[in-house]
Amino acid sequence: MVVRKLSTTRSILLFEGADKAAYWRRFAMLLTLSVVIATMGLLRNSGAVVIAAMLVAPLMTPILGVAAAMVMGWLKRAVTLAFTVCLAAIVCVMMAWFLVYVADVPRGILIPDQVLARTDPGTEDLIVALAAGVAGAYVQINKSELSLLPGAAIGVSLVPPLSASGILLYFDEPAEAYEAGLLFATNLGAIILSACAVYLVYAARSVVFSKGKRKLNFTASVFVAIAFLIVVVLQLGKSTYNRYLETRTEAQLADAIRAWADPVSVEIIRIDVNAQRKRAEVWLVVDLPAEAQFKVSSIAGLLPPKLRETPLVGVLEEELGPGYLAIIRYQPRIGAQIILGTENVQQAPDVTEITEDE
């Protein structure tokens, strides 16, 4: 039983088989196809296409090979595979950038949501990666559970963040490209450590650590992996805190804007605060009095006195503080409440109240 378990771990480590050149040719082909599919899916904002890229991506196998090499104490093999994965990741970013460049995508357009979704990593992504690493290692050991492999591939995102990083570099957004790369690094470190845990539980530890040098190599490699993951976790903690800060600030801004506009109805389309870049975007629709449609004058002249006396810029500065770049997009709208069958035309009720009633 011990020999069988040890041979299973060894087979995971030597995943290329007898013909290594043929395996790496297939690896390069599948990785290229995965990057093409992911990049086009991200640009088209298609989640289904991005999932297809996850299923095609071959990166999971060499990453699990790194974990198996660490458990077996084959330090040179672990370093070689880790270098190969990192090199493949860099090539993926370059291919994604080149694909967008060849497609001549205009840089002035809005960045697709599927791309931006890869630029906000947090601690929950680390938990998902740890679970996906356990699932992937379990499937590698228990071949009877191969039907679970697609789910593990979808659960952890490897190629899409790299493609998103290349796209964002093309759009001249290095900060967001770094965040997408951080998501890949999170998945990489978490998968390696969680897979190591599974292999250690499954394999016979007394056989794996029978030699002093092998045990030393394993300890050194795990220490490096943990140190790498600690650095990633610190970055994720910062991102998670910024996200919490942004969400709280957005809620405070919404309340402040409604208080500023009261009693005029205001519909808040979007509030987006970026604490790291100190940038805030506000999209509003402000209802004007019903009689405004019968007057020909400037928009400022139609606003109630309170809105003219207290500029929205002052409200935003009070909530955000100095140093922020605030982008305000607003559209005036005529709002009226009409009692049908009569000539009674009144100010339209507040949009929030209508939404709550519905």
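Odds and ends about this structure:
- Output for the range 64-82, where each listed residue is aliphatic (A, V, I, L, M), surrounded by fewer than 23 Cβ atoms within 10 Å (Cβ to Cβ) and at pLDDT 85 or above: Val79, Ala82
- Residues in the range 21-50 that are within 14 Å of Leu162 (Cα to Cα), among the aliphatic types (A, V, I, L, M) and under 18 Å from the mean Cα position of the chain (by Cα): Val35, Ile37, Ala38, Met40, Leu42, Leu43, Val50.
- Residues being open to solvent by less than 50 Å² (accessible area, probe 1.4 Å) and at pLDDT 75 or above are entirely absent from the range 297-310.
- Residue, nearest to Gly73 (Cα to Cα), within the range 227-261, restricted to residues that are of a type in the set (Val, Ile, Thr) and under 22 Å from the mean Cα position of the chain (by Cα): Ile230
- Some residue of the range 83-96 being assigned to a helix (DSSP H, G or I) and either charged (D, E, K, R) or at pLDDT below 90 (or both): no
- One residue stands out in the range 238-264 among those that are in contact with a Lys or Arg (Cβ under 9 Å, 6 or more places away or on another chain) and surrounded by 14 or more Cβ atoms within 10 Å (Cβ to Cβ): the one that is nearest to Thr310 (Cα to Cα), namely Trp260.
- Output for the range 29-56, where each listed residue is among the small types (Gly, Ala, Ser), farther than 17 Å from Phe98 by Cα and touching a residue at least 24 places away in the same chain (Cβ under 8 Å): Ser46, Gly47, Ala53
- The residue that is surrounded by the most Cβ atoms within 10 Å (Cβ to Cβ), among those in the range 324-334 that are within 27 Å of the chain's Cα centre (by Cα) and either within 22 Å of Val285 (Cβ to Cβ) or not hydroxyl-bearing (Ser, Thr, Tyr) (or both), is Ala326.
- Lone unmet requirement of (1) of a type outside the set (D, E, K, R); (2) more than 19 Å from Met40 (Cα to Cα); (3) modelled with pLDDT under 85 for Ser157: (2)
- Restricting the range 99-116 to residues that are touching a residue at least 24 places away in the same chain (Cβ under 8 Å) and assigned to a helix (DSSP H, G or I), the residue that is surrounded by the most Cβ atoms within 10 Å (Cβ to Cβ): Val115
The values are calculated or read from the model by the stated rules, or taken from the named source; none is laboratory data. Computed from a prediction, not measured in an experiment: that's the story for all the values here. With ideal geometry, Cβ positions are generated from the backbone for all residues, glycine too; neighbour counts draw on all protein chains shown. In case anyone asks, the SASA skips ligands and DNA or RNA and just uses the protein heavy atoms, side chains included. Shrake-Rupley method; radii C 1.70, N 1.55, O 1.52, S 1.80 Å.
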